[in-house]
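None of the figures in this text is laboratory data; all of them are computed from the coordinates on show. Since the model is a prediction, treat every value here as computed from it, not as a measurement. Don't worry about glycine lacking a Cβ; one is built from the backbone with ideal geometry, like all the others, and counts go over all protein chains shown.
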Amino acid sequence: MSFTIFLALNSPEFCNTYLRSTQDASPYGMIEVGQYMQLWAGLYLALTLWLLLFKKEQRFVPSAEDDLSISGVYRMIWRVIKLPSTCASLDRARRSTALTSVCARRQTCET
């Protein structure tokens, strides 16, 4: 959570004005730094344990097409750039003349 929430809950003026009734006014905030840190430590720990115990990831098995070298990654990025949806958004935005021309050449080759 945001540090702003802690500041609000730690402020006696904010708590007395918006969270407490007039009879329950106090010179202290509702939560202190130690309590706030313990709360979030517990929540992060609980979430981490839940992910560890109940969520399973699929194993990544690289295929023959997956070349994870530097040049292979750049070729993969280039293939993603040449995808039709990327070309259409580039044509609409007219952001890059070079990439738009590559997409135009690709589209003429496909038809």
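Packing here is the average count of other Cβ atoms within 10 Å per residue, and on that basis the peptides 5-11, 27-33, 79-85, 54-60, highest first, run 5-11, 27-33, 79-85, 54-60. Counted over segment 8-61 with a bin width of 5 Å, the fraction of Cα pairs per bin, in whole percents, is 4, 17, 15, 12, 11, 10, 9, 7, 6, 4, 3, 1, 1. Taking other residues whose beta carbon is less than 13 angstrom from the beta carbon of S26, and scoring Lys, Arg as +1 and Asp, Glu as -1, yields -2.
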